[in-house]
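Nothing in this text is a laboratory measurement; each read-out follows from the coordinates by a stated rule. What you are looking at is a predicted structure, and each value in this text was computed from that prediction instead of being measured. Don't worry about glycine lacking a Cβ; one is built from the backbone with ideal geometry, like all the others, and counts go over all protein chains shown.
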Amino acid sequence: MDLRFLIRDIPDFPKPGIFFRDITTLLRDPVGLRYTIDCLAQKFTAAGLNADYVIGIESRGFIIGAPLAYKLQTGFVPVRKPGKLPSLVYSVEYELEYGTDRLEVHQDALEPRSRVLIVDDLIATGGTASATAKLMKQIGCELVGFGFVIELQDLQGRKQLPDVPIVTLVEY
Ligand code: AMP
């Protein structure tokens, strides 16, 4: 199944020059959605990547990460934008094109040495996923891999990531 047919391309969103890969058209397709989650799970399992938790990055990482965790029979832990999580958090700051941003996770969400898989819908420059990996390291978790539905290869985001297996389904 070629997921490219279900992913919609929107030029100049959210700002001029960005070619947005819209997965809402994939998510609304019953066969496409099931195939996406099943394929990611199958690739992780085939690579022997057993985890205790799937870590989903706000917000499209939640949509992919939660059913993936269900399928892999792991827990799911959200990594969120600043100020969204109600209890004590660890946070990590990372560079954007202009300025910085922050990601947070609950301090009691993960035990040190937990095995974690980081999941998002798409990897572009790799900044978001790499910051999430730093957050996991700060807690003392063992990062076993990354999973993305889409990889924008020209941006070479995977070069920013630690040397663990990376599972992707569609490359542009
Ligand atoms: P990056 O940190 O540059 O790897 O950006 C990854 C994050 O930004 C992911 O959460 C994506 O959902 C979002 N993103 C970046 N570029 C695009 C794009 N061209 N289309 C859709 N989402 C994008």
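Not counting the cut sites, what is the longest span of the chain without trypsin sites (Lys or Arg not before Pro) that DSSP labels loop and that have at most 13 other Cβ atoms within 10 Å? Counting only loop sites that pass the neighbour cut-off, the longest clear stretch is 114-172. Alpha-carbon geometry of the chain: the Rg and the Dmax are 15.4, 43 Å, given in that order. With neighbours defined as other Cβ atoms within 10 Å of a residue's Cβ, the residues V119, V89, V31 order from fewest to most as V31, V89, V119. Taken over the chain, lysine pairs spaced eight or more positions apart, or on distinct chains, with alpha carbons under 19 Å apart number 5.
Counting only DSSP beta bridges with both residues in the range 48-171, the antiparallel share comes to about 25 percent.
Shown here for the range 41-143: GluC sites (Glu not before Pro) in loop regions (DSSP other than H, G, I, E, B) with at most 14 other Cβ atoms within 10 Å, namely E97. Counting only Cβ charges, +1 for Lys and Arg and -1 for Asp and Glu, the dipole size of the chain around its Cα centre is about 260 debye.
Listing S91, S114 from fewest to most neighbouring C-beta atoms within 10 Å gives S91, S114.
In this simple spin-label approximation, K137 and D12 carry label points 7 Å from Cα along the Cα→Cβ vector, and these lie 4.0 nm apart. Neighbour counts of other Cβ atoms within 10 Å put L152, L117 in the fewest-to-most order L152, L117.
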